[in-house]
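This is the structure I want to talk about, given as structure tokens.
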Protein chains: 2
Amino acid sequence: MANANGMHMTVTDPFWSSRIETVRTQMIPYQWEALNDRLPDAEPSHCVHNYKVASGQEAGRFEGCVFQDSDLAKWIEAASYTLISHPDPTLQKTLADLIELIASAQQPDGYLDTYYIINGLDKRFTNLRDHHELYCAGHLIEAAVAHHEATGSRMLLDVARRLADCMERNFGAEPGKMRGYPGHEVLEMALVRLYNVTEEERYLHLARYFVEERGQAPLYFEEEEKKTGNHCHWSDGPLGLQYYQAGKPIREQTDAEGHAVRAVYYYSGVADVARLTGDESLLAACDRMWESITRRRMYITGGIGSSDYGEAFTYDYDLPNDTAYAETCAAIGLVFFARRMLAIRKRGEYADVIERALYNGILSGMSLDGQSFFYVNPLEVVPEACEKDQLRRHVQPERQKWFGCACCPPNLARLLASLDRYAYSTEENNVFVHLYLGGSLEAFPGGERVVLELSSGYPWNGEIRLRITERESSAPFTLALRIPGWCRNYTVSAGGEACPEKAQDGYLYLTRAWKAGDEICLSLSMPVERIKAHPAVRADIGKIALMRGPIVYCLEEADNGADLHHIRLGDSPLFQTRWDERTLGGITVITCEGKRLAKAGWEDGALYRPQAEEDYHTVPLRFIPYYAWANRGPGEMAVWIRQ
Amino acid sequence: MANANGMHMTVTDPFWSSRIETVRTQMIPYQWEALNDRLPDAEPSHCVHNYKVASGQEAGRFEGCVFQDSDLAKWIEAASYTLISHPDPTLQKTLADLIELIASAQQPDGYLDTYYIINGLDKRFTNLRDHHELYCAGHLIEAAVAHHEATGSRMLLDVARRLADCMERNFGAEPGKMRGYPGHEVLEMALVRLYNVTEEERYLHLARYFVEERGQAPLYFEEEEKKTGNHCHWSDGPLGLQYYQAGKPIREQTDAEGHAVRAVYYYSGVADVARLTGDESLLAACDRMWESITRRRMYITGGIGSSDYGEAFTYDYDLPNDTAYAETCAAIGLVFFARRMLAIRKRGEYADVIERALYNGILSGMSLDGQSFFYVNPLEVVPEACEKDQLRRHVQPERQKWFGCACCPPNLARLLASLDRYAYSTEENNVFVHLYLGGSLEAFPGGERVVLELSSGYPWNGEIRLRITERESSAPFTLALRIPGWCRNYTVSAGGEACPEKAQDGYLYLTRAWKAGDEICLSLSMPVERIKAHPAVRADIGKIALMRGPIVYCLEEADNGADLHHIRLGDSPLFQTRWDERTLGGITVITCEGKRLAKAGWEDGALYRPQAEEDYHTVPLRFIPYYAWANRGPGEMAVWIRQ
């Protein structure tokens, strides 16, 4: 089957393929065991159990978090993506049986949420703010669309349509409907996906309603609280209903606020609706949120949501490294938002952010072996502080096997299993290459088939080769190659001849009557870059981070000893890069000379003393990619290094 | 009346007198109104109300915190001190009436705690861990001793003795007694004070029991929890029973741990008992705690307890400036501990810490007008962060009028009202001058009367003049003058001739047959010093603080503009000092040239970019004493400045 872009891809990328294979061969089977409570050393998930109880197949109670159903849906989505390139009858059967179970729990009116089916349907839709029914519905719909695209089966899609119809009958601006909206967003973008597949206008209409109704006066969540008396935890702090992005309408919001995952999921839905309706004021809102995030509230790793409190955005340029939250799921959600902005306008900055998050703040979320995960992705870690400082109790120096609230690992799985969708897109006569993901791609620019093969040393070098392997039509079409924002020099040639085209908004448009055998060579210069943060970022003042191409680097204690704060980079170190096959799954290591503070002079135990000459001696420094940190036992890590 | 040292002092110090007068003429009357719930714009205290209910004079319930009684006791103590130098029949009558009220609430067996008298005596002593009965008893005893010393009256002292006797009948290692101890320490040192006045061995015996029993297995607070089922909040986090310094015996404790106020109150009691019993292992424990605090866990301001969580010590060298807790009461408690160490051994380092805390992290706790107070004393403030960052929600950019939990203002009052006790002491033939507090002092070295007059420009200059104004005896005695640890050069002369003596352990011992008219001139060199923190203090790496004499300086936005993090001090600035009568109540200002980062080059809104040449331009910097910050409206402040 083809992916949602009407394209088909076989990924054979030296960097990503093994990771995608880890998802397929390890994470998905492992998570299936987890979802069935069969892992001896992990908290039970209860997901499948809850569906069995809801469908009457088992006795028992609802167990786990109110949003437990969504874990199963994310797993279905990820598993479905893997079937596209790796048909697997056993997995397909597992999915079919599971979907049968899910369908058997669905109520006659289409309603489907095991928490309320088990605990009493009379209470459904009474706590939209905190009880995640609409969130779970959104993930089920996303899973259904993915399963349909992967297998052609309508089984789960029909369940999803009945569920969406149920939502549509209950929610909306029309008389007699509730004027509510999801406490945790995702249903908005899910309904747009369902609309894309079914072409059923009602789903787009409902998505638009959810996007626009949110935050309108009288505030639904306040009205709901008056009825239920359920106190809103967040109203005691600075976030208030903006924790849910529900304190004012999106057209009046000026900054990315509140719970970061919810926020970027919401903005993704807003962007979808803006694109499909052509609504300029919604698009303007998306632009404001995009700028707020990427210009004032995003870590260099693509991580977002700098505070543990509310897992939330805070305020402009507040990007602490050691107390960072930067949830893996939030960076994934930023990729969702960026891809939708890219669907509206072809600007390199959107793909730049996808790349930044993907290679850094998202990939750091999983260990090299794919067996353990970070929820929180700090940019500076001192293990003693994680253990003893309550302000950093959310920061772990080592990845964990599984989580009680297990949102990140299945989210990682569904992203990596569908990575080709972020790398390429076709629009009219253009084939866009957003990310240099290696493999073989079948696309239909202008309706005519072409097969391309892309290979590169990405992200370790910028040598990219694109070859047309099959093309019958002689019609010209355009290859639009992204020139990354980090790249200051590049050359491009086709058939050995330099191309005269210049990049526009980050894309190089090469229009030719491409034919089989044609070869395009793109060479992106990829020196080590010393990066500064905006001077308003207090946490990074006087500090430097190293990047090479899309990869953010860090120092680890394993290579550089403890007390990383004693290290200074010096004014103009000479960087050396070396490919190291055997370290951390194969990485390009950066080395240079740095300076380290000698401890001499403090032996008398004084805590404060008049300044004396400080002794910094020359030491070799060894930087590794940020995503690969914490794969060699606990130790200090730092991205931002003193100058 | 004389103070506890058998000395009498009239303070006429250009720096402290006005502050002590503020305590006497403003804070004490204001707090009396507060304790009687007569302040229209403050939360009621309920203190006097509770005593009226407990004594049956009024109907009503117990109101306020379980430790509410202690606020009243601290006020009595402070008010009593002021009577020593300022007899005031009205205040004396107010105190006498109040003491009569207190006495009328005392139970036949001596028990006195309004919370349990009102709520049911059958429940008394069932929650020592959290219900502060023994803490309140301690403060009442301290108040009683102070009132007795100030007025000669035994009214409150008799109440205190009956209360101490009640404690002694209920607690101890003897058969039939409870083996408990205070949840919040203070009773230990209070009992020693009571012993000093009454010479009743039982009180010292009970103090020693409390000091030594704490943390012995089986842990009393665990046993108590088994009976009551009251869950210990702190056992869920890293502090456990060490929050109360009650997880292991003091002789096994290696570091200052837990709630900082409790800790230093406890160590004060330990030091008292160690001194009076000559117990070497207790003294060794005091030495360990002292070193733990002053060498690894103390801010440059003398602030201690770096974490809001548990208002507690954390771990070595963890001294964050922007999330600091550094409670005013904890620095006051450190002064209590230091004075007791000084009573054991004459070492300048103890008085150095008293001075450091007093002029910096304690004095910062009150506004210049004595009307508003800080609980928390951070070393770096950005007002926007205090408002929006949950990690800094305990940090206020402006002092508050009064507190629901009002421990700090009355603690400040009782410290400042008894400051002479910290400045001077007499031991055998020695008159020790620990602090250069100006005024007239009557002392009895070797039993013979002498009156001294000390005047100085302290803390703004180091010129100190000590004059013998009255001396009848011709017996020699020793003036022991402290040479502060911050002082690198000094000269001393008597009668115009240089003294040949050298300082020993921070004191200069001048033994002469001093006679009336003799004059000693001590000149302490007081240049501006650039201070570094130990390189293990991550928060201060690459930064400098300025001190001049005992005063820690800071930059404020009011003088230097916002974005203090853009400022660098440069390598060797020339400092200028200037006495400014009209600023902040009269201060010595430090000015120099510094460097400020130009914001140019970031106009495109980028959050990260490759390093370009940074432009630092020269700017004038103006430093003010840290204690005087936040007296000109909210704004940024920083003690530690980038080099």
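What shape does the protein assembly as shown have by the C-alpha gyration tensor, where a ≥ b ≥ c are the square roots of the eigenvalues, rounded means a/c under 1.5, and otherwise prolate means a/b greater than b/c and oblate the rest? Don't skip to the answer; put the middle values down first.
Values: a/c = 2.62, a/b = 1.77, b/c = 1.48.
In terms of gyration-tensor shape, prolate.
Let me ask you something else. If I take every Cα pair under 8 Å that is 6 or more residues apart in the stretch B:542-621, average their sequence separation and divide by the length, what percent do I get for the relative contact order?
Numbers: 87 pairs, mean separation 20.2, N = 80.
In percent, rounded to a whole number, it is 25.
Also: What ranking do B:Glu21, B:Glu280, A:Glu185, A:Glu212 get, fewest neighbouring Cβ atoms within 10 angstrom at the top? Intermediate results must be reported in sequence, preceding the final value.
Numbers: B:Glu21 15, B:Glu280 9, A:Glu185 30, A:Glu212 20.
Going from sparsest to densest Cβ surroundings: B:Glu280, B:Glu21, A:Glu212, A:Glu185.
Moving on. Give, rounded to the nearest 20 debye, the magnitude of the charge dipole that the stretch B:298-408 has about its Cα centre when Lys and Arg contribute +1 at Cβ and Asp and Glu contribute -1 at Cβ. It would help to have the intermediate numbers written out before the result.
Numbers: 11 positive and 15 negative charges, 123 e Å.
Charge dipole, the stretch B:298-408, about its Cα centre: 600 debye, nearest 20.
Consider a paramagnetic label point 7 Å from the Cα of B:Ser17 along Cα→Cβ; state which residues of the stretch B:439-456 have an amide N under 12 Å from it.
Within reach of a label on B:Ser17: B:439-440, B:454-456.
Could I ask something else about it? With chain B rotated onto chain A, spot the residue of B whose Cβ lies nearest the axis and note the distance in whole Å.
B:Leu391, 3
For the stretch B:227-386, what number results from the quotient of the Cα radius of gyration and 2.2 N^0.38 Å?
On the way: Rg = 16.0 Å, N = 160, 2.2 N^0.38 = 15.1 Å.
Ratio of Cα Rg to 2.2 N^0.38 Å: 1.06.
Taking a point 7 Å out from Cα toward Cβ as the label site, list the nm distances between B:Glu387 and the same residue in every other copy, smallest first.
From this label point to the equivalent ones elsewhere in the assembly: 4.0 nm.
Given Cα pairs under 8 Å that are at least 6 residues apart, what percent is the relative contact order of the stretch A:232-311? Provide the component values of the computation, followed by the final result.
Details: 74 pairs, mean separation 23.0, N = 80.
Here the relative contact order equals 29 percent.
Over chain B, what is the relative contact order in percent, taking alpha-carbon pairs closer than 8 angstrom and at least six residues apart? Let's see the in-between values first.
On the way: 1312 pairs, mean separation 74.1, N = 643.
Worked out over chain B, it gives 12 percent.
Which distances, in nm and shortest first, link the B:Gln371 label point to the same label point in every other copy, taking 7 Å along Cα→Cβ?
Here the equivalent label points are 6.7 nm apart from this one.
OK, next. Rounded, prolate or oblate: which one fits chain A, using the alpha carbon gyration tensor with axes a ≥ b ≥ c (rounded when a/c is under 1.5, else prolate when a/b beats b/c, else oblate)? Walk me through the intermediate numbers first.
Details: a/c = 1.65, a/b = 1.20, b/c = 1.38.
Cα axes put chain A in the oblate bin.
Which length gain, in nm to one decimal place, applies between B:Asn429 and B:Glu593 when the Cα-Cα distance is subtracted from 0.36 nm times their residue separation?
On the way: separation 164, 0.36 × 164 = 59.04 nm, distance 4.99 nm.
Difference between extended and current length: 54.0 nm.
If the only charges are +1 at each Lys and Arg Cβ and -1 at each Asp and Glu Cβ, what is the size of the charge dipole of chain A around the Cα centre, to the nearest 20 debye? All intermediate terms of the calculation are to be shown ahead of the outcome.
Numbers: 67 positive and 90 negative charges, 158 e Å.
Dipole about the Cα centre, nearest 20: 760 debye.
Quickly work out the B:Thr10-to-B:Lys177 label distance, labels modelled 7 Å from Cα along the C-beta direction, and quote it in nm with one decimal.
Simple spin-label model gives 4.6 nm for this pair.
While we're here: Just the number, please: percent antiparallel of the DSSP beta bridges in chain A, rounded to the nearest 5. Walk me through the numbers on the way to the answer.
Details: 74 of 80 bridges.
So the antiparallel bridges in chain A amount to around 90 percent.
Where the convex hull is taken over the Cα atoms of the stretch B:61-173, what is its projected area averaged over directions, in nm²? The partial results should precede the final answer.
On the way: hull surface 29.1 nm².
Over all viewing directions, the stretch B:61-173 projects a mean Cα-hull area of 7.3 nm².
Fewest to most neighbouring Cβ within 10 Å: what's the order for A:Phe336, A:Phe623?
On the way: A:Phe336 20, A:Phe623 29.
By the 10 Å Cβ count, ascending: A:Phe336, A:Phe623.
Of the listed pairs A:Lys248/B:Lys388; A:Lys248/A:Lys543; B:Lys502/B:Lys532, which have alpha-carbon separations greater than 30 Å here? Intermediate values should be presented prior to the final figure.
Working: A:Lys248/B:Lys388 19 Å; A:Lys248/A:Lys543 38 Å; B:Lys502/B:Lys532 27 Å.
Exceeds cut-off: A:Lys248/A:Lys543.
A follow-up question, please. Using only the C-alpha atoms of the stretch B:486-643, find the volume of their convex hull and express it per residue in Å³. List each step's numbers first, then the result.
Details: hull volume 27.3 nm³, N = 158.
Hull volume over Cα atoms, normalised by residue count, gives 173 Å³.
Distances from B:Gly120 to the same residue in each other copy, label points 7 Å out along Cα→Cβ, in nm, shortest first?
3.3
Summarise the partner chain shielding of A:331-340 as one whole number: the mean count of Cβ atoms from other chains within 10 Å of each residue's Cβ. Could you put the intermediate results ahead of the total?
Details: counts 0, 0, 0, 0, 0, 0, 0, 0, 0, 0.
Partner Cβ neighbours, averaged per residue: 0.
Is the stretch A:525-598 best put as rounded, prolate or oblate by its Cα gyration tensor, with a ≥ b ≥ c the root eigenvalues, rounded for a/c under 1.5, and otherwise prolate when a/b is larger than b/c, oblate when not?
Verdict is oblate for the stretch A:525-598.
Pop the C-beta distance of A:Asp369 and A:Ala475 into the FRET formula with R0 = 60 Å and round what comes out to the nearest 0.05.
On the way: r = 47 Å, r/R0 = 0.78.
Computed FRET efficiency for A:Asp369 and A:Ala475 comes out at 0.80.
With +1 on each Lys and Arg Cβ and -1 on each Asp and Glu Cβ, and nothing else charged, work out how big the dipole of the stretch A:152-285 is about its Cα centre, in Debye to the nearest 20. Can you show the working numbers first?
Values: 16 positive and 22 negative charges, 69 e Å.
Charge dipole, the stretch A:152-285, about its Cα centre: 340 debye, nearest 20.
For A:Trp629, A:Trp460, which order do you get if you count the other beta carbons within 10 Å of each Cβ and list the fewest first? Don't skip to the end; give the middle numbers.
Working: A:Trp629 27, A:Trp460 19.
Taking fewest neighbouring Cβ atoms as first place, the list is A:Trp460, A:Trp629.
Suppose we keep just the DSSP beta bridges with both residues in the protein assembly as shown; what percent of those would be antiparallel, to 5? Each step should come with its number before you reach the end.
On the way: 154 of 166 bridges.
Expressed as a percentage, antiparallel bridges in the protein assembly as shown total about 95.
Pop a pseudo-label 7 angstrom from the Cα along the beta-carbon direction at both B:Lys502 and B:Gln216 and give the gap in nm to one decimal.
So the two model labels end up 4.7 nm from each other.
For the stretch B:333-387 and the stretch A:588-643, what is the separation of their Cα centres, given in Å?
Between the Cα centres of the stretch B:333-387 and the stretch A:588-643 lies a distance of 33 Å.
Quickly estimate the mean residue ellipticity at 222 nm for chain B, helices only: each DSSP H run with n ≥ 4 gives -39500 (n - 2.57), and the total goes over all residues, rounded to 500. Can you show the working numbers first?
Working: 19 runs with 216 residues, N = 643.
Roughly -10500 deg cm²/dmol at 222 nm, from the helical runs in chain B.
Report Rg(Cα)/(2.2 N^0.38 Å) for the stretch B:444-574, keeping two decimals.
Cα-based Rg divided by the globular estimate yields 1.44.
Using a basic spin-label model with each label point 7 Å from the Cα along Cα→Cβ, how many nm lie between B:Thr94 and A:Arg465?
Calculated label separation equals 9.2 nm.
Can you tell me which lysines have their Cα less than 26 Å from the Cα of A:Lys93? Leave out same-chain residues fewer than eight positions away.
In chain and number order, the partners are A:Lys52, A:Lys74.
Taking the alpha-carbon centroid of each part, what is the distance from the stretch B:493-513 to the stretch B:435-466 in angstrom?
15
If you don't mind, another one. What per residue convex hull volume, in Å³, do the alpha-carbon atoms of the stretch B:66-124 yield?
Numbers: hull volume 4.8 nm³, N = 59.
Cα-based convex hull of the stretch B:66-124, divided per residue, equals 81 Å³.
Read-outs throughout are calculated quantities, based only on the coordinates presented, and are distinct from any laboratory measurement. Please read all numbers here as calculations on a predicted model, not as lab measurements. Here the Cβ is made from the backbone with ideal geometry for all residues, glycine too, and neighbour counts use every protein chain on show.
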